[in-house]
């Protein structure tokens, strides 16, 4: 523990071992709650569900041991039955929190059972802070592991079980979030143009080519308007082109798009045109005829779009 | 001249008010406009045997027909491509009547485009299915090119770059439209003219388009009644003859994104419509005294003036700078205020204005109108028509 923690941490550590409680169960161990708990968790062990079998072995209905804490949980409004203590078992956590460790995460929980709980048992529990670790740093951040020990008793004050509950009370690590990918309107994709969109995902701008006469065409379509062949393949564009026309779109403003949004009609050096966003240029400095180079824009939903960046100023 | 020319006449005109919130259903708007048009024509709704509208209209022919108490509907046809459809139902009606398929065809368009949905919001929230239209939009919408204004902007920027047209030129189109709207009590912008400075100060929508380069979004309905030349003679209204109507889709056409043609500064589909109109009617650009030039966005007014033969290629800017399109000009356009100033009823209100101009009862009546040209949605497969006196 570093020096600057010493005063308040000493205050926190002074509370280790202090006993809080006792807190009483609202209900005695009972068969309806056992049945409901088993149903909710998918437990089918006849020991808990078939009263005769349990009675033959234990002389009473018994509860699944892992229900231990369930019997002493607060009611739906957070209250415990009359007679329960009202002291605050979380003073240690509050001290740590006041000193800059606002986040909390449950780490693990270990239970030990000393006997089966039988129908009619009336439980209570006490708790204490068992330990506070040195300051630790994990992937989540920097803080302290705090272990709480709960002791469970029956109506005769015999200890029937215990639970260690461990928390990490921490200051979150600075999160370096990846910027969210822009969510763009999705294109319609058919068997005809899938190659175009798949090509973009592979960071290639593909131009459809007629297999018969070699004419390039964009946008893609089923037939070659020149020779009527239905056979086609594609070639990869060099990515060099010029701005044939453009618009700077102001309305409607759409999520995932620049505002305002410069869009170009690009004439590729291969001779076909396509519409694509313009990047790296002031919207009042776009010039028809300016040379541009292809880049790829990763968008949400596995969409990649071609965009073009003007080269070396205005044409 | 083609045999279809002037064989069919528009004899009834009906419309609802134009607003931002009609406060009633689209089917009611459609029914109101159709009944008003039939009343204007003096034709019993039971005589209607043809109905034509746009593919995007939400009001089925069968239900409009039911609402008007129709008996036997023999002809119904729709035209795709949004506002590009505007004049096509008249072509279809002409053909149906001229061939004896139908006798009384009502053309209608009804929409709560402002209060129920907004085209200006563009393609948002579209499911990424493999249908053609969706795959095609996929080349634009992921880049944020989702709205009609943005699709037009890409073509407009190139046009302005090649021909030196400016934002002020676009502004002069909007100012003239709003000037006409200001004196049209039925226009949404009645009494609200703008200045070129207002235009230049309006915010960007999709550069080079400013807010005041974009038409309104509107609720309303318009309908018109078509009958044969012979039937028209028996009716109370002076017939307005359909001298020509045509549709056009041109090589390498897309829906507002024909960006892959050798040149993207023209509207060759409009040129195709123009050639057919002049051929069918036997008229030429100098024979029309006013025109309704589709103005969902100002930039496409320029190449339309060129495609229809009112200006040379790239020279529409001079036509506009000289004010020839404005009040007092030699070809006043969009005298109702256009879709920029009156309302955006997908071009059908423009056909209505041309009918009024030929009838001689337009609120901003141009003197001596014998023939009026109407164009339809641009950047898409389109249509056009010429109406005129006999």
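Readers should treat all values here as calculations from the given coordinates under stated rules, not as data from a laboratory. Because the structure is predicted, anything quoted here is derived from the model rather than measured. Counting neighbours? That spans all protein chains shown, and the Cβs are built from the backbone with ideal geometry, glycine included.
Data table
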| quantity | calculated |
| --- | --- |
| Equivalent ellipsoid dimensions for chain A as semi-axes, Å, which come from the Cα gyration tensor, largest first | 70, 30, 15 |
| Computed helical MRE - 222 nm, chain A, DSSP H runs ≥ 4 contributing -39500 (n - 2.57), nearest 500 | -4000 deg cm²/dmol |
| FRET efficiency, 1/(1 + (r/R0)^6) with R0 51 Å, evaluated for residue A:33 and residue A:173 via beta carbons | 0.75 |
| Point-to-point label distance, residue B:251-residue A:301, nm (Cα→Cβ direction, 7 Å offset) | 3.7 nm |
| Label-to-label distance, nm, for residues given as residue B:66 and residue A:112 (7 Å Cα→Cβ offset) | 8.1 nm |
| Rounded to 10°, Cα long-axis angle of helix B:26-41 versus longest principal axis of chain B | 60 degrees |
| Computed label-point distance, nm, for sites residue A:91 and residue B:24 using a 7 Å Cα→Cβ extension | 7.9 nm |
| Sequence of B:38, B:340, A:49 once ranked by neighbouring C-beta atoms within 10 Å, starting from the fewest | A:49, B:38, B:340 |
| Computed P(r) (all Cα pairs; segment A:3-172; 5 Å bins; percent) | 1, 8, 15, 17, 17, 13, 11, 8, 5, 3, 1, 0, 0 |
| Radius of gyration, Dmax [segment B:66-173; alpha carbons; angstrom] | 19.6, 57 |
| Radius of gyration and Dmax over the Cα atoms of segment B:184-326, both given in Å | 18.1, 53 |
| Degrees separating the helix B:167-182 axis from the principal Cα axis of chain B, which is the longest one | 30 degrees |
| Förster radius 60 Å - calculated FRET efficiency between residue A:285 and residue A:226 (Cβ-Cβ, nearest 0.05) | 0.95 |
| Fully extended contour minus Cα-Cα distance, from residue A:180 to residue A:103, at 0.36 nm per residue | 25.3 nm |
| Helix B:148-163 vs. chain B, principal-axis angle (Cα, 0 to 90°, nearest 10) | 60 degrees |
| Mean Cα-pair separation over length for chain B, i.e. relative contact order, pairs under 8 Å, 6 or more apart, % | 26 percent |
| Theoretical FRET efficiency, 1/(1+(r/R0)^6), r = Cβ-Cβ of residue B:17 and residue A:194, R0 45 Å, to 0.05 | 0.35 |
| Value of D in µm² per second that Stokes-Einstein yields for segment A:194-310, Kirkwood Rh from Cα pairs, at 37 °C (0.692 mPa s) | 218 µm²/s |
| Cα-based Kirkwood hydrodynamic radius, the protein assembly as shown, one decimal, Å | 31.0 Å |
| Packing-based exposure ordering (other Cβ within 10 Å, fewest first) of B:213, B:169 | B:169, B:213 |
| Relative contact order (%) - criterion: Cα under 8 Å, at least six apart; region: segment A:194-310 | 23 percent |
